[in-house]
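Report on one structure; see the data block that follows.
The values are calculated or read from the model by the stated rules, or taken from the named source; none is laboratory data. Note that this is a predicted model, so its numbers are computed, not measured. Note that we place each Cβ from the backbone using ideal geometry, even for glycine, and neighbour counts take in every protein chain shown.
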Amino acid sequence: MQPFDFKKVIEWLGQFLKCPVCGQKYNLDQTRIIDSRQSEAFGEATILIHSDCNKCKSSVMFNIEVKGPEVFSVGMVTDLTRHDSSRFKNRGPISVDEVINIHQSIKAFKGSLIKALSKK
Ligand SMILES: [Zn+2]
């Protein structure tokens with residue numbers, strides 16, 4: 001089986017993908033592939049894409065599975081930017097200890113949290 005041409009798949013999907021918030025058709029310039037995997041032996045592929053809506057400015061991540069002639073798509077509204085989605089895609093989930101640590105840090109924090117978080 002030939003490898004998938006993910007760019008073509010995205011172009012094809014661009015005909016169908018609409019913003020789940022406002023219904024606007026996605027502009028392909030605002031759509032990026034974050035991750036892709038394929039199993040040539042079984043004719044299967046999984047693509048994770050991130051799209052920004054030109055109209056309502058919301059961001060959505062789509063997980064698209066191609067299994068032979070069938071295409072499954074699940075969209076999820078996200079506050080992750082395109083840059084964030086690339087950055088976090090290989091990170092594991094947050095642990096209970098991390099949540100407790102941040103809770104305790106915020107509880108003990110004195111001053112402006114917004115100012116502290118704005119520092120780069
Ligand atoms: Zn929209």
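Of all residues in region 31-55 being within 16 Å of the ligand (Cβ to nearest atom) and surrounded by 15 or more Cβ atoms within 10 Å (Cβ to Cβ), which is nearest to Pro69 (Cα to Cα)?
So the residue we want is Ile49.
For region 20-55, enumerate the residues that are part of a loop (DSSP other than H, G, I, E, B), of a type in the set (A, V, I, L, M, F, W, C) and out of contact with any Lys or Arg (no Cβ under 7 Å at 6 or more places or on another chain). Show your work before the answer.
Just the residues of region 20-55 that are part of a loop (DSSP other than H, G, I, E, B), to begin with: 20-24, 26-27, 43, 53-55.
Then drop every residue that is not of a type in the set (A, V, I, L, M, F, W, C), which leaves 21-22, 53.
Answer for region 20-55, where residues must be part of a loop (DSSP other than H, G, I, E, B), of a type in the set (A, V, I, L, M, F, W, C) and out of contact with any Lys or Arg (no Cβ under 7 Å at 6 or more places or on another chain): Val21, Cys53.
State which residue is modelled with the highest pLDDT when the search covers only region 95-120 and only residues that are over 28 Å from Cys53 (Cα atoms) and outside any helix (DSSP H, G or I).
Initial filter on region 95-120 (over 28 Å from Cys53 (Cα atoms)): 95-113, 115-116, 119.
Adding the requirement that they be outside any helix (DSSP H, G or I) leaves 95, 109-112, 119.
Details: Ser95: 96, Phe109: 92, Lys110: 92, Gly111: 89, Ser112: 89, Lys119: 74.
Ranking the qualifying residues of region 95-120, first place goes to Ser95.
Of everything in region 74-83, what is at pLDDT below 85 and surrounded by 14 or more Cβ atoms within 10 Å (Cβ to Cβ)? Give them in sequence order.
Arg82
Which is surrounded by 12 or more Cβ atoms within 10 Å (Cβ to Cβ) and away from the ligand (no atom under 16 Å from the Cβ), of Ile94, Ile64? First the steps, then the outcome.
Working: Ile94 fails: surrounded by 12 or more Cβ atoms within 10 Å (Cβ to Cβ).
One residue alone meets the criteria, Ile64.
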